[in-house]
Amino acid sequence: MPAEPRAGPGTFRGRGRSRWNGNCPTRPALTQPGRGSPTFPGVSFSRSHELRSGAEPPPVPAMPTETERCIESLLAVFQRYAGREGDACTLSKREFRAFMDTELAAFTKNQKDPGVVDRMMKKLDMNSDGQLDFQEFLNLIGGIAVACHDSLVLKAPKP
């Protein structure tokens, strides 16, 4: 039975709605405890009001932004497939295949070569551990997004 997703629409951390904070043993937490600012080594995401001393923070919108909902969706989809066979922080080869066959079915059904998904996983598995962690998974999502963007840009009418 698949693990319950730990994130979903309307659950962004720091806004009083998060259930998933990225606390896998191999990955740092996405957000600082009690705050909504993401934490990444060497990168600071401070809100503009935090930079001005004594300034009142802007009001927090009641609904998550479109970008926050997209991030939540990616987290939820990853968690829906990760952990079916063990580690809830990674996708095994079989979990990755289930993800591809379900979430990117149009891609896998149109492939003439049955080994393409296995080769994709091997290429995405940067640390060669036979699993995809969330960062490696995002490399796939980012690559697909770039390909879609490039396709749209090439098809766009020129002024």
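The values are calculated or read from the model by the stated rules, or taken from the named source; none is laboratory data. Here the structure is a predicted model, which is why all the values come from computation and not from measurement. Ideal geometry is used to build each Cβ from the backbone, glycine not excepted, and the neighbour counts take in all protein chains shown.
The residue that is nearest to PHE107 (Cα to Cα), counting only those in region 126-137 that are touching a residue at least 24 places away in the same chain (Cβ under 8 Å) and assigned to a helix (DSSP H, G or I), is PHE137. Does ARG80 meet the test of being at pLDDT below 95 and surrounded by 15 or more Cβ atoms within 10 Å (Cβ to Cβ)? Spelling it out, it is not the case that ARG80 is at pLDDT below 95 and surrounded by 15 or more Cβ atoms within 10 Å (Cβ to Cβ).
Can you name the residue in region 105-122 that is of a type in the set (D, E, K, R) and farther than 22 Å from ARG80 by Cα and, of all such residues, is modelled with the highest pLDDT? Checking each candidate, the answer is ARG119.
Selection of first residues in region 96-119 that are at negative phi and of second residues that are of a type in the set (Phe, Trp, Tyr) and modelled with pLDDT under 90, restricted to Cβ pairs under 9 Å at least 6 apart or on distinct chains, gives the following pairs, ordered by first then second residue: MET100/PHE107; VAL116/PHE107; VAL117/PHE107.
Tell me whether region 138-156 contains one or more residues that are surrounded by fewer than 14 Cβ atoms within 10 Å (Cβ to Cβ), part of a loop (DSSP other than H, G, I, E, B) and modelled with pLDDT of 95 or more. No, because not a single residue in region 138-156 is surrounded by fewer than 14 Cβ atoms within 10 Å (Cβ to Cβ), part of a loop (DSSP other than H, G, I, E, B) and modelled with pLDDT of 95 or more.
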